[in-house]
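**Student:** Take a look at the following structure, please.
The values are calculated or read from the model by the stated rules, or taken from the named source; none is laboratory data. Since the structure is predicted, the reported quantities are computational estimates derived from the model, not experimental observations. Note that each Cβ is placed from the backbone with ideal geometry, even for glycine, and that neighbours are counted across all protein chains shown.
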Amino acid sequence: MSRIKLVEQEEATGKVAEIYQNMMNTMGFIPNAFKLFSPSEHVLGQQVSNLNYFFRHPKLSGKLLSFIRLMVSDQEKCEYCVGMNTNILFQYGIFPEMVSEIMKDHSKVPLEENEKALLFFILKVVKNSNSIVQEDVDKLRNLGWTDAEILEATYHGATQVGVDMMFNAFKIDLD
């Protein structure tokens, strides 16, 4: 049970009710991941807006973004997000036994080389942001990533750390 009061669908009003209705229409349920943000219309709206942007990103693939969230969440020990992103990876043909192997050996992540490099950069950022040097960024540029893409992917990983911390602190229930 969450440590803060979450807004349930039947209690939702205003922007929260609107977001919940959109989720019901598209997903058929309201994940606890979104209910956690429901006490604040602003925070819920920002989270939904950010995720909608990244789900439609022209260059950062859904598979890459799922691995970013999964591996960051593994570092943060967020059981909810590890489970959720493991399930999301099913749609890309990545099964639980494969995820276990990948988590033991990150080099086995089934991504293109440029995506692996970006993923490993982000993991380095969230582990120790002070360890980043210019050569790290230059390597990504040389692999075809623009500064905007590097920034956006890093933002996605860094915000995942914050989400993981909130999920852990407020004890979000698994769906």
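**Student:** Suppose the filter is in contact with a Ser or Thr (Cβ under 9 Å, 6 or more places away or on another chain) and either modelled with pLDDT of 95 or more or surrounded by 12 or more Cβ atoms within 10 Å (Cβ to Cβ) (or both); does Asn32 pass it?
**Tutor:** On the way: in contact with a Ser or Thr (Cβ under 9 Å, 6 or more places away or on another chain): yes; either modelled with pLDDT of 95 or more or surrounded by 12 or more Cβ atoms within 10 Å (Cβ to Cβ) (or both): yes.
Against the criterion (in contact with a Ser or Thr (Cβ under 9 Å, 6 or more places away or on another chain) and either modelled with pLDDT of 95 or more or surrounded by 12 or more Cβ atoms within 10 Å (Cβ to Cβ) (or both)), Asn32 qualifies.
**Student:** Here's a follow-up. Being acidic (Asp, Glu), crowded, with 18+ Cβ neighbours inside 10 Å and in contact (Cβ under 8 Å) with a residue 60 or more places away in the chain: is that true of Asp173 here?
**Tutor:** So Asp173 fails the test.
**Student:** When you check Gly62 against the structure, is it more than 19 Å from Leu118 (Cα to Cα) and out of contact with any helix residue (DSSP H, G or I) (no Cβ under 6 Å at 6 or more places or on another chain), yes or no? I'd like the intermediate steps shown before the answer.
**Tutor:** Details: more than 19 Å from Leu118 (Cα to Cα): no; out of contact with any helix residue (DSSP H, G or I) (no Cβ under 6 Å at 6 or more places or on another chain): yes.
The answer is no for Gly62.
**Student:** Right, here's the next one. Can you tell me which residue among Asp164, Asp147, Asp175 is under 26 Å from Ser49 (Cα atoms) and modelled with pLDDT under 95? If you could, list the steps in order and put the result at the bottom.
**Tutor:** On the way: Asp164 fails: modelled with pLDDT under 95; Asp147 fails: modelled with pLDDT under 95.
Going through Asp164, Asp147, Asp175 in turn, just one is under 26 Å from Ser49 (Cα atoms) and modelled with pLDDT under 95: Asp175.
**Student:** Scanning for something loosely packed, with under 14 Cβ neighbours inside 10 Å, at pLDDT 95 or above, touching a helix residue (DSSP H, G or I) at 6+ places or on another chain (Cβ under 8 Å) and more than 19 Å from Leu174 (Cα to Cα), does segment 94-101 turn up at least one residue?
**Tutor:** yes
**Student:** Now for a separate question. In segment 23-59, which residues are part of a loop (DSSP other than H, G, I, E, B) and among the β-branched types (Val, Ile, Thr)?
**Tutor:** Ile30
**Student:** If Leu51 passes every condition in (1) of a type outside the set (D, E, K, R); (2) within 10 Å of the chain's Cα centre (by Cα); (3) at pLDDT 95 or above; (4) surrounded by fewer than 20 Cβ atoms within 10 Å (Cβ to Cβ) but one, which one does it miss?
**Tutor:** (3)
**Student:** For segment 57-78, state whether one or more residues are farther than 23 Å from Val161 by Cβ and either surrounded by 17 or more Cβ atoms within 10 Å (Cβ to Cβ) or not basic (Lys, Arg) (or both).
**Tutor:** yes
**Student:** Would you confirm whether or not segment 130-139 contains a residue that is surrounded by 11 or more Cβ atoms within 10 Å (Cβ to Cβ), modelled with pLDDT of 95 or more and within 21 Å of Glu76 (Cα to Cα)? Can you show your working first?
**Tutor:** Quick first cut of segment 130-139, residues surrounded by 11 or more Cβ atoms within 10 Å (Cβ to Cβ) only: 132, 136-137, 139.
From the residues that got through so far, the ones that are modelled with pLDDT of 95 or more too are 132, 136-137, 139.
Narrowing the set further to residues that are within 21 Å of Glu76 (Cα to Cα) leaves 132.
Within segment 130-139 (the criterion being surrounded by 11 or more Cβ atoms within 10 Å (Cβ to Cβ), modelled with pLDDT of 95 or more and within 21 Å of Glu76 (Cα to Cα)), the answer is yes, since at least one residue qualifies.
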